[in-house]
Structures are given as C-alpha cells and as structure tokens.
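Asker: What follows is a structure written as structure tokens; I'll ask about it next.
The values are calculated or read from the model by the stated rules, or taken from the named source; none is laboratory data. In this text the structure is predicted, and so the values were computed from the model without any measurement. Every residue, glycine among them, receives a Cβ derived from its backbone with ideal geometry; neighbour counts consider all protein chains shown. Calculation scope for accessible area: heavy atoms of the full protein, side chains included, ligands and nucleic acids excluded. Shrake-Rupley method; radii C 1.70, N 1.55, O 1.52, S 1.80 Å.
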Amino acid sequence: MRKKVNAKNPQGVKYSEANLADGSIVYAHKIDKSQEEWKGIRFYFLGCEGDDEEEMVFVKRKNGTGFTKFFRHRPGYIKTRNEPDRYLHNYSELRIKQRFDDSNEFLIEYYEEEICPNYKTCKLAKIIDCKASGKARKKTINLRDMYDTCTPEKSEDKYIADLLLTNSKDDTIPPLFLEIYVTHKCSKEKINSGYKIIEISVSKKEDAECDIIENMGDVVNSYNFLSYANQILPPPIWFHGFVRDSSFYDYIQFAFFYLIANGDGSYRGECKQVNCLEVNTSSIPEYERCLYRPLSDISCADLYELGIAKAYIEKYNVRDCSICTKRNQCKDRGMIDISLGCFLFEVDINHVRNIIDSRDTRWIDLR
C-alpha cells in the first residue's frame, strides 16, 4: 500500500500527459472531446494505467481567446509525498520506452579503450610515445540491433529494471538495464551485479529526449560541456558493466629506413612502408642503423634521403644519388648502382647538413 498524506487541493495540479488503459501516453493538447474516438476513454496517472485510484480527468478551460487543456486527479484524491518526482520518473520511463519502440534506431555512445594486442611485446612501444594503450574513444551501438523488447519495471534475477531490454528470439544475449535516476541513484549492489546498466539522471522532462551518451563515471576523465553550446545541456549519464577494452585498433603506418652493409666496407640504404604490426611480426633485415617516422610526418622518399645524409655525417661509406651535387641534373639517377662506381659522384655537403638540421635524426634499434 502506497503511503499517502492529505494535501490541499491536490486535484488542482495540472499534468500535460496521461496514460490510456493500454499504457500508451496521451497528450492533453491533442485531445478533442468532440470526436467520437474519445468518448468513454479513461485516463490515468503516468505509469498507473488500470488503477481506478489513479484515474484522471481531462479538462478544457477557456483561456482568453483560446483554451488550455490538461489532466488532473479526481476530487478527493489524496496526493502522495513524492508526486512531482513520481510523475517525472514515470514520464521519462514511458517516453524512453516509446522512443525505443517507435524506431529501428536506438543509439547509445560510450567510451572504450583501444588496447593494441602487441602492446606488451611491441618493439616500438618503448621507443616511441605509443598511444595504443589507454586511448579512449567513443563507440556507437544501435541497441535495436541487439534487442527487440523494452519492458517497464521488469525483474531479472533479484533486480528490477526501470526498463529492461531483451531479445525475444535469442536468450543468449544478456539483458540491458535502463535506469531512471530522479531522486535515488542505482544501488551499488545492482551496479556490481554484472549486468550492463545505463543510468540516466532526469531533472526535467526534456532529459528524456536527449541522446544517450556517456558523460559521467571513472572512464570519462574529462567531459567538454562547452561542445553543447547553444544546445540542450545533456543530463548526467553513467554506463555500468560495459566491456571497455576495444579489440579494434588502427595500426600506425611507418616509413622505415635501414642502413645495410655491403660487405666491402660500403653501405647502402633501403626504405619501405610498414605498419607497427608488421614491425613486430615480419623479419627485419640485418642492418647497421635504422630510422623510423610515421607516414603522417614524412614520406619514404624523404626518410631515405635523411637516413643517407645522417649516415654520411657519421662517417659511413655511402655513395648515393640523393646527396650528390648533380642529383637534379644527372640523367642516370636511379638507373645505376652508384656504389659500384660513378665518376660524377660528389657529395653536396651543404645539402646534407640542411637535411640533418631540419629533422630529428635519432637512430633506433629494433633487434
């Protein structure tokens, strides 16, 4: 039995929505009592369809040149202590259910961490500032792809969900709880139950219309509310029990330069494009020195030139067209193996120094 207290003129409270006997929401401004379809229809306080004690009256009152339409309780109704909160909670519950039922899309967004499967053993991770682990990004899911049923006040094990999403065709898909937080947060016991729970804080009816995007909790280190300038400020939303490790990862594309000994005291350079996964899984040639750069920073051609220039400065015996004074005029550039002998080869030392001065030239060792 719901505890009640006397209230002065409780039936004077006006509501813009009510429930029909089938649980659907009806809006006062859309009702025209002169229409046959509304004759004999009963209205109920939100979330209380079929309860005679919660039956409401439709009122159409003249207001200047127009009319005001609303619902109110019948005379003699005894108002509950938390009437406004109960109304807001029930409205939000029903409105979110309506949004789910009426569309093939019910999108949610939450944060997950990109975890590279090779992070712990990666040859590059300790050399570069790798962001492959602990990088948060938003993941978007259409819940209608997983669930086809949204039931209010439905129990699962010993827990009652405000809205329980289930798949009627596949019971191997775990249910999801949608919890409406008006005055009482979700209990720690329910949060730790292992179920996926989305907890939405509601302080006004408009909150039930907002996109369901995670913006609270430990995973959200900082949330930029300024991005919502000139928009409705979103309500606080928590995601509990969601898997945060992402199996998806965009491997970084690199240009790699290798300085390789020819066996006769001279050296040659090689440069190729690889991603960080290939660096860890493919064989690396026997090299004397190695340079890397993300392809977003430098092309393979430019890194090759940098590697040759750095090798020359460090007294390696390299003969390469890229550092020759005649590099822009020679018709044979790239057509012959210059290390075998080229009578026209002459190092452009100013060009070499300019290359070195303009870029970081740290050798790395991946062996």
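Asker: Please give me the summed charge of the neighbours of PHE100: other residues whose Cβ is under 14 Å from its Cβ, Lys and Arg +1, Asp and Glu -1.
Answerer: Once all neighbours under 14 Å are counted, the net charge is -4.
Asker: OK, next. Inverting the mean 1/r over all pairs of different Cα atoms, compute the Kirkwood radius of the stretch 179-219 and quote it in Å.
Answerer: Roughly 11.4 Å, rounded to one decimal.
Asker: Further, regarding this structure: Heavy-atom accessible area of SER201 with all protein chains present, probe 1.4 Å, nearest 10 Å²?
Answerer: Counting only protein heavy atoms, the figure is 20 Å².
Asker: Per the Kirkwood treatment, what hydrodynamic radius in Å, one decimal, follows for the stretch 11-90 from the mean inverse distance over all distinct Cα pairs?
Answerer: 13.1 Å
Asker: Let me ask something else. Using just the alpha carbons, could you tell me how many Å³ per residue the convex hull of the stretch 27-70 encloses?
Answerer: 79 Å³
Asker: In debye, nearest 20: dipole of the stretch 55-122 around its Cα centre with unit charges on the Cβ of K, R (+) and D, E (-)?
Answerer: Once rounded to the nearest 20, the dipole reads 1020 debye.
Asker: Now, a different point. Go through the stretch 184-198 residue by residue and turn each phi into a ³J(HN,Hα) via Karplus (6.51, -1.76, 1.60, θ = phi - 60°); whole Hz please, and just put x for glycine and proline.
Answerer: My calculation for the stretch 184-198 gives 10, 5, 4, 5, 4, 4, 5, 4, 8, 6, x, 7, 6, 9, 10 Hz in order.
Asker: Report GLU288's accessible area, 1.4 Å probe, all protein chains in place, as a number in Å² to the nearest 10.
Answerer: That residue has around 70 Å² of solvent-accessible surface.
Asker: Can you list residues whose amide H is under 5 Å from LYS326's amide H, if they're 5+ apart or on another chain and H is modeled 1.01 Å from N?
Answerer: For LYS326, the qualifying residues are GLU346.
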